[in-house]
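Undergrad: Below you'll find the structure I mean.
Coordinate-derived values only; no laboratory data. Predicted, not measured: the structure shown is a model, and the values here were computed from it. As a convention, Cβ positions derive from the backbone with ideal geometry for all residues, glycine included, and neighbour counts pool all protein chains shown.
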């Protein structure tokens, strides 16, 4: 029998905003059986597993290679150590060096405790700015031997707590004050630095649109199109960015749109942007929306995105979910992946083949997994949030 979740339409949108989900500990997560399989040579996946400590911070950052799990940070362990509670959001492996970045905190479910960090071969560097309430890294890349990170921190200015969008180059922070919520991802091509985020843009605010999707090239601001946003004021209308890709100087970003002029009148969907268009990824056919597009890759002009679709129907202004499916799109054409209640978080494309990482939710527990061209393989951990191949 298919399960039903009865939630207000707008609540579903709010639940999907967060990219880090902490769940119960799966008793079998430290088992190598139950479907764990080896991964392709040179493929690294980063995520976390639940340690033995009872506090919320009992998550331990890790990575998998050849199907075997290793703790990501030196000194972290299942049951003790100051590095427990760390969740990586990115990983890169270049000539044998393992680079990672993410967040840690005394309560990993509470953003107010987050502190940003990066690491090289397990040695952690604290990136938390002095005086900040919290800080976080959302995206990373390595190019030309340098580590580039994107994120934000909250600090008090003129008596008010404000978010400051930031990017780091080899640990040196660069702030851009007009970013509303922070930077969400970063890319580097031919020495140029690209980041994505949002600003408060008055002409859009006048239309009833909150948080204008934007990108920056070497610090210069550009607006993405807002074709799918109806505006009209009222409850909630915005676009949300998740990940960036750049090919031959052209910027792509993936995320979602929400049109909610009122609590009773709400619609949303997944999409991706180029500098000149906003492409809807809602597959239709009775499916409400591709509402959680998590990552994007571009290879030789072909656009790959990854996320979820939700089958269901609306009754009395409530959306009834009957099925959640993991999927990816190639130039907007959808392909479904194995698993129901599965949530891909990251992807990489090599020669037209899609490699993805995420989590699968079943029997009250989460399990880390990877997909290779849609075929799922389990890992011994709670969730996987980043995937890469060694360069």
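Undergrad: Using Cβ contacts closer than 10 Å as the measure, can you line up 304, 48 from fewest to most?
TA: Arranged by neighbour count, lowest to highest, 304, 48 become 304, 48.
Undergrad: Which order results if 257, 64 are arranged by neighbouring Cβ count within 10 Å, fewest first?
TA: Ranked by crowding around the Cβ, least crowded first: 64, 257.
Undergrad: At 0.36 nm per residue, and after removing the present C-alpha to C-alpha distance, how many nm does the segment from residue 227 to residue 156 gain when stretched out fully?
TA: 22.1 nm
Undergrad: How would you classify the stretch 109-187 from its alpha-carbon gyration tensor, with a ≥ b ≥ c the square roots of the eigenvalues: rounded for a/c under 1.5, else prolate if a/b is greater than b/c, otherwise oblate?
TA: prolate
Undergrad: Another question, then. Please compute the modelled spin-label separation between residue 110 and residue 123, points set 7 Å along Cα→Cβ, answer in nm with one decimal.
TA: 3.3
Undergrad: Binning at 10 angstrom from zero up to the longest distance, how are the C-alpha pair distances of the stretch 113-152 distributed in percent?
TA: The distribution over the stretch 113-152 is 27, 55, 17, 1, given as percents.
Undergrad: Can you put 210, 295, 227, 170 in order, fewest other beta carbons within 10 Å first?
TA: Final ranking by Cβ density, sparse to dense: 170, 227, 210, 295.
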